[in-house]
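The values are calculated or read from the model by the stated rules, or taken from the named source; none is laboratory data. As the structure is a prediction and not an experimental result, all values here were calculated from the model. Glycine gets a Cβ as well: all are built from the backbone with ideal geometry, and neighbour counts include every protein chain shown. Heavy atoms of the whole protein, side chains included, go into the accessibility calculation; ligands, DNA and RNA do not. Shrake-Rupley method; radii C 1.70, N 1.55, O 1.52, S 1.80 Å.
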Amino acid sequence: MVKAAADRVNCVVDRHVLNENTYPDFSNIGLAVFAPLCGKNRGAFVTNPPDGHTYGCVSFPESFGEKVGVSSDVIVDSNSIQKKYDDGNITASDAVELVDLFVQSVYFSSPLVEEDYMACAVGGIAKLDCPKQSLSEVDTIRAVTLAGVFVPATWATSGSILTSEQSESFYSQSDFEDMKALGLNTVHIPISAKMFEKDSSKELDLLEDLLGFATDAGLLAIIDIQGENQHHEHHAIEKAAKYAGNAKNVIALSLPAHSFVESARQGAKHLPLMIPTTGPKLSSLVDTVSHLKDDPNIFVALDWEQTSTVADVASSTILDDRLKMFYHESIACDGRSPIEYASCYQGMSAFVSKGFDLSIDNCLHKEEPGFFDFGQCGRLNETAGSDWWQRHRQSLLARQMASFETGLGWTYPSWKLYNPEATDVDMSVLDTPAKLRSLKHVAAAGLFPSLGDNKATLSACLNPPVADFVLGDDTMSPTPGPPPACDGGWWDPDLGKCAYWIPPPPTAAPTPCMSFVEKECEPCDDTPVPCPTISSSDDGDRDLVMNSHSPMQAAFGGSVATMIIGAIIFKFVYRHNKGHGYTQVPDIIV
């Protein structure tokens, strides 16, 4: 349903993800909560209503502790939440309440959240607090696309456009039975508007056959009309809508553009219609379709593909590939943010029509004109048989699914690939980019989440992905044992060291009294100390050169691991949360 832009809604912890039962398994509150929240609004937040003070990660309001029934001197900052829970001073329920207060306060303090579809992005544990909408026929759409049958998708059809005879033989009743057995409930069928423009009986007969296969297997259908938004297509859209409205298992019609809604309504008054859009266009969508505000059956077909910029696809070594996979895993759980934004602020629930798959590059289009080669292709064979890739691909799909099911649902890019010459193919070997987008191959490889395990789906975003990308399959399993004590911090198992949002004070030490001369340095006593040397350059200028064991080098060496993870999280993972009022360096679109 389209409605006027909403007043500000609240961003809260999703209690299906983080609650008193799951908090004990909440292993990295630093990366999951503090990294995204402490990076917003220069780390500052205020209370609602204001109390005359400004707070931040290093200083919490007294009211936070009071609201969970502990003294104000117990919860003094963000670091206190985990520490006090570990010490037994607060319960898991208290800790969740404190995280929720923190999330709400930061969101309340953030500007222009009504225009920012990523403002509530907190690693998948937070949500915009408004009711979820769904189609009357199904609570959550779990679909697969019949790619290449009516609309060219040469990546799925061995590089060639199918003939009518090949299209007719591509799918059979057994395919639809296999889809149902996997747990799917819908087929997503792209068609051309020209099919109804020309009254092509052969193509319409095939569409009728495919819908019949779906009905017999107990599957619903979404018809997705592909067009070029030309005036002569409006009559074809009207006829397509009439056809879809009369088909007993078609639950929605996806249009080429919002300008076709009126034509579609001429053919079907109440059929659910989907309007295509992308994340960046969401904030202006409600104004674009404001004339449809009285139509309760308008929804969004969201393109959420993450393979269009250099940051998304570039890599030239297998280590780069693993780091890129970690990046895609890290942003996957924030995919719920644009979906909930569309529903809460734009009044239209979203169906993810593109973006649910295992692709982490654009190698699918390598042979097409305009492809940019950054070295990202040609190493899929190195991932075959890798336990590391198996684990992280499972993680990526589970995180995407958990995010996308907060809306209407999703579709996978293809059920299978057309390759009649291939015989006795091991479906579980994912050695081409196209196979990563074929659900039949992905399921055979054991990567697809169980559609009957709702608990596993919800828990997918409880913790950030495992940051073991440096060594990959050579990563050694740690020996189990109690974590070291971290006074004022927590033990980070990914970094292998104590982590602090509020660094502890430096250990007190006497400052050596040193006397500098041109060529020698002597301390005040007989204790040997490292001394800087003063060298003279040819032009007579003197430079202070630290020796190889300087405190600066030691500090740098000790922070390398933290810098790697921090750089990923702030530079890439939260890159969608762009600031307002600044000139954005443009992404290179590939």
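Going by average Cβ density within 10 Å per residue, which order do the peptides 251-260, 404-413, 382-391 take, highest to lowest?
Values: 251-260: 20.9, 404-413: 25.7, 382-391: 15.4.
With the highest mean Cβ count within 10 Å placed first, the list reads 404-413, 251-260, 382-391.
Expected output is a single nm value to one decimal: the length gained when fully extending between E20 and D216, i.e. 0.36 nm times separation in residues minus the C-alpha distance. What is it?
Details: separation 196, 0.36 × 196 = 70.56 nm, distance 4.39 nm.
So the extension gain works out to 66.2 nm.
What ranking of S353, S136, S174 comes out by heavy-atom accessible area, probe 1.4 Å, highest first? Before the final figure, lay out the partial values.
Numbers: S353 25, S136 115, S174 65 Å².
Largest accessible area first, the residues go S136, S174, S353.
Is region 19-125 best put as rounded, prolate or oblate by its Cα gyration tensor, with a ≥ b ≥ c the root eigenvalues, rounded for a/c under 1.5, and otherwise prolate when a/b is larger than b/c, oblate when not? Can you show the working numbers first?
Details: a/c = 1.98, a/b = 1.26, b/c = 1.57.
It comes out oblate by the Cα gyration axes.
Which peptide among 341-347, 156-162 comes first, and what is the full order, when sorted by highest mean count of other Cβ atoms within 10 Å? Can you show the working numbers first?
Working: 341-347: 25.0, 156-162: 16.6.
My ranking of the peptides, most packed first, is 341-347, 156-162.
For A301, list long-range residues whose amide hydrogen, built 1.01 Å from N in the peptide plane, is under 5 Å from its own amide hydrogen.
The list, which skips near neighbours in sequence, is I275, T277, F351.
Averaged per residue, what accessible surface does region 166-221 expose to a 1.4 Å probe, in Å²? Display every interim value, and only then the final one.
Details: 2340 Å² over 56 residues.
For region 166-221, the per-residue accessible area is 42 Å².
Can you compute the FRET efficiency between D87 and A257 using 1/(1 + (r/R0)^6), with r the Cβ-Cβ distance and R0 = 51 Å? Round to the nearest 0.05.
Values: r = 58 Å, r/R0 = 1.13.
Once the sixth-power term is evaluated, E becomes 0.30.
Can you tell me the FRET efficiency between H235 and F371 if r is taken as the Cβ-Cβ distance and R0 is 41 Å, rounded to the nearest 0.05? Don't skip to the end; give the middle numbers.
Working: r = 37 Å, r/R0 = 0.90.
For H235 and F371, the calculated efficiency is 0.65.
At S164 and E114, where each label point lies 7 Å from the Cα along Cα→Cβ, what is the point-to-point distance in nanometres?
Computed distance between label sites S164 and E114 equals 5.4 nm.
Counting only protein heavy atoms and using a 1.4 Å probe, what share of the accessible area of region 271-408 belongs to carbon plus sulfur, as a whole percent? It would help to have the intermediate numbers written out before the result.
On the way: 2310 of 4620 Å².
For region 271-408, the apolar C and S fraction of the accessible surface comes to 50 percent.
Accessible area per residue, 1.4 Å probe, Å², for region 309-372: what's the number?
On the way: 1770 Å² over 64 residues.
Accessible surface, normalised per residue, equals 28 Å².
First check a/c for region 235-322, with a ≥ b ≥ c the square roots of the eigenvalues of its C-alpha gyration tensor; if it is under 1.5, answer rounded, and if not, answer prolate when a/b is larger than b/c or oblate otherwise. Walk me through the numbers before you get to the answer.
Numbers: a/c = 3.51, a/b = 2.13, b/c = 1.65.
The shape class here is prolate.
Taking amide H positions as placed 1.01 Å from N in the peptide plane, with prolines and chain starts having none, which residues 5 or more places from T186, or on another chain, fall under 5 Å of its amide H?
R142, V144, L220
How many percent of the accessible area of region 44-143 is carbon or sulfur, using a 1.4 Å probe? Kindly include the intermediate steps, with their values, before the conclusion.
Working: 1940 of 4210 Å².
Of the solvent-accessible surface of region 44-143, carbon and sulfur hold 46 percent.
Using 1/(1 + (r/R0)^6) with R0 = 35 angstrom and r between the beta carbons of N419 and K293, what's the FRET efficiency to the nearest 0.05? Can you show the working numbers first?
Values: r = 47 Å, r/R0 = 1.35.
It comes out at approximately 0.15.
Run the dipole for region 76-175 about the Cα centre, Lys and Arg Cβ at +1, Asp and Glu Cβ at -1, nothing else charged, and hand back the magnitude in debye, nearest 20.
For this selection, approximately 140 debye.
Taking only protein heavy atoms and a 1.4 Å probe, what accessible area per residue, in Å², does region 67-158 have with all protein chains in place? Mind dumping the intermediate values first?
Details: 3360 Å² over 92 residues.
Value returned for region 67-158: 37 Å² of accessible area per residue.
Pairs K239/K416; K127/K281; K180/K202: which exceed 24 Å Cα-Cα? Show your work: numbers first, answer last.
Numbers: K239/K416 29 Å; K127/K281 20 Å; K180/K202 27 Å.
Flagged as over cut-off: K239/K416; K180/K202.
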